[in-house]
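Okay, structure first, notes after.
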Amino acid sequence: MTPQISQEVQMGNWAARWQAQSHSGSETELPQDQQGSAPNTMEYRGAGMAKRLATLISGLVECMCFAGVIFGWASLVYVLKDLRYFRDLCISPVNQTTNVTDCSAQDEQFSLIFTIGSFMNNFMTFPTGYIFDRFGTTVARLLAISSYTTGTLLIAFSSAATALMLFPALSLLSVGGILLILTNMQVGNLFGKHRSTVITLYNGAFDSSSAVFLVIKLLYERGLSLSHMFLFLSACSAWHLFRTFFLMPRRHIPYPLPSGYTYGVSCQRRSSSYRTYEEKRRPENLGEDEMQDGDSALREGNDTTQVITGKGDPGTAPSFKEPTFGSFWSCVFSKLFFWHLVWLSVMQLRHYLFIGTFNPMLVQLANKDPDLVSSYTNAFAYTQLCGVLCAPWNGLILDRHKRGRKKDGTSQGVSNSLADLRSCVLSLAITVLQCIAFSICASIPVLPVQYATFILQVLSRSFLYGGNAAFLAIAFPLEHFGKLYGLVMGLSAVVSLLQYPCFALIKGPLKGDAFYVNIGLVVLMLLAFVNPLTVWLECKRRQKKPATTPSTETTI
């Protein structure tokens, strides 16, 4: 009894001294032997890190297996053709000596389905992004799960006689998938200095999810029915619901991450004594695993461009005013946003047209050999799995200045936000070069060259979408991230509608030869170089602008 009473008295004295210190504003630290004596501190911190890792890994699995499955359309088209979807649109040969069936109308119908689905994938991002910003993560994810499950059920119960069900099905899969990736990208805020790497990793997983339709194709060739496989995808909604309530926040994850931040349903509650210690201790006393780059930015008091205002759960994040952009519309009408929109639109059009015309292109280059078409379709789908490996390279480019600042203890005379923005220049330029190289290879009508096209395509696409999300999170206030991300994807979707007239031009006047269209797209993509140039000039302008001293000191 005596040791227990002595320990309680000691803890009471510790709590009283800490409370007195916090009220008096004293800078005196606790004695060394009492700083780590909060009850269950190490246990709680270990549990918190385990939960963050579980959120990261489970989110990665979710994005890789569900979010971007529609971009594996080329593999699913192979199955749908075998099941005779839209087969009635094929025209039998009039001259029996040629024995060649014209199925261009069938290919055009499949291309139209993908065009509408990819358009919905981008265009609906703006209203869904508004829902995410306005109502929070739980509401957005429940909408995503409902949309995704409905889409998979429509495909599961479709048949050749009801092939038109593919139109709403693919659109619903698109909307559900983009909402899943949108709600998952905030997980990067849990990992501070690795934030951009996590965002690009998730976008790479989004790209890799297109291989799901390859798995469906391979299983179909081994006897499984399309209906049963999509019913299984529908049943996976239970997994999404579990993550929604246990591993995701109700509202948003703030950045920088406040001390003692929690999210999701928890089976254990912290004691009040621990909560007092955890939430009132100074950032200098945080452990290495808990220290975020945003905390150091707050201590500096002069770089608050990446702070979410009122986006976390109540009482967890401080409010600051973003100095460069204020309102949502000031972001929209800025030069940075406009040229970033051009950058995304022209390269996305190139990727969408390639995926939408992939099967007809292979049929032509393989001289309608079904085995060759199947082999190259599988090779293309396998390369899509590498998206999750390629995308983090872009995040490492974006995060490199943070590693350098941690080593030498300086930011080389520039603010954190300016260093973030400057790191985007190289990332944006490399993405354009990759896409041009991919387009040049796609323009060469030689079948073996398409292996290089597949590799460059997945590398370029991983950099494109990961860099898009990371740039918006860096260049603009995070309270507008969902709306800006949705708007840039929605406006780029309007441009992506050009893929259908391009496809009609190839199948009609150009008689299946896409060479001139490909060359035109290569020339068009030169416009994308204006974006990294604009960002570089903006960095120069901000660096020359005299630094302003905050009128009040920020206290944490």
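The values are calculated or read from the model by the stated rules, or taken from the named source; none is laboratory data. None of these values were measured; they are calculated from a predicted model. In this analysis, Cβ positions are derived from the backbone assuming ideal geometry, glycine residues included, and neighbour counts consider all displayed protein chains. Heavy atoms of the whole protein, side chains included, go into the accessibility calculation; ligands, DNA and RNA do not. Shrake-Rupley method; radii C 1.70, N 1.55, O 1.52, S 1.80 Å.
Is it true that some residue in the range 60-69 is more than 30 Å from Ala140 (Cβ to Cβ), aromatic (Phe, Trp, Tyr) and at pLDDT 85 or above? No, the range 60-69 contains no residue that is more than 30 Å from Ala140 (Cβ to Cβ), aromatic (Phe, Trp, Tyr) and at pLDDT 85 or above. Given the structure, is Leu464 modelled with pLDDT of 85 or more and either buried (at least 23 other Cβ atoms within 10 Å of the Cβ) or among the aromatic types (Phe, Trp, Tyr) (or both)? In short, yes. From the list Val198, Val212, Val187, exactly one residue is crowded, with 20+ Cβ neighbours inside 10 Å, farther than 25 Å from Glu479 by Cα and in contact (Cβ under 8 Å) with a residue 40 or more places away in the chain. Which is it? After ruling out the rest, the residue left standing is Val212. Out of Pro509, Pro448, I need the residue that is outside any helix (DSSP H, G or I) and open to solvent by 10 Å² or more (accessible area, probe 1.4 Å). Which one? Matching residue, one of Pro509, Pro448: Pro509.
Total residues in the range 234-245 satisfying the condition of being assigned to a helix (DSSP H, G or I), within 21 Å of the chain's Cα centre (by Cα) and hydrophobic (A, V, I, L, M, F, W, C): the figure is 4. Only one entry in Gly467, Gly512, Gly508 is within 30 Å of Ser334 (Cα to Cα) and among the small types (Gly, Ala, Ser), namely Gly467.
For the range 360-395, a residue qualifies if it is aromatic (Phe, Trp, Tyr) and open to solvent by less than 60 Å² (accessible area, probe 1.4 Å), and the qualifying residues are Tyr376, Phe380. In this structure, Gln499 does not satisfy being out of contact with any helix residue (DSSP H, G or I) (no Cβ under 6 Å at 6 or more places or on another chain) and either surrounded by fewer than 19 Cβ atoms within 10 Å (Cβ to Cβ) or at pLDDT below 85 (or both).
Of the residues making up the range 131-182, those that are outside any loop (DSSP other than H, G, I, E, B) and within 30 Å of Glu479 (Cβ to Cβ) number 29.
For the range 466-489, the criterion of being within 27 Å of Glu108 (Cα to Cα) and either of a type outside the set (Ser, Thr, Tyr) or free of Cβ contacts under 8 Å to residues at least 12 places away in the same chain (or both) is met by at least one residue. Which one is modelled with the lowest pLDDT among residues in the range 405-440 that are open to solvent by less than 30 Å² (accessible area, probe 1.4 Å), in a helix (DSSP H, G or I) and more than 28 Å from Leu456 (Cα to Cα)? Per the criteria, the residue is Asn416.
Among the conditions (1) assigned to a helix (DSSP H, G or I); (2) under 24 Å from the mean Cα position of the chain (by Cα); (3) not small (Gly, Ala, Ser), Arg250 misses just one, which is (1). Would you confirm whether or not the range 249-267 contains a residue that is farther than 23 Å from Leu179 by Cα and at pLDDT below 50? Yes, the conditions are met somewhere in the range 249-267. For first residues located in the range 147-164 and over 14 Å from Ile70 (Cα atoms) and open to solvent by 30 Å² or more (accessible area, probe 1.4 Å), partners that are at pLDDT below 95 and acidic (Asp, Glu) and lie 6+ apart or on another chain with Cβ distances below 9 Å form the pairs Ala160/Asp88.
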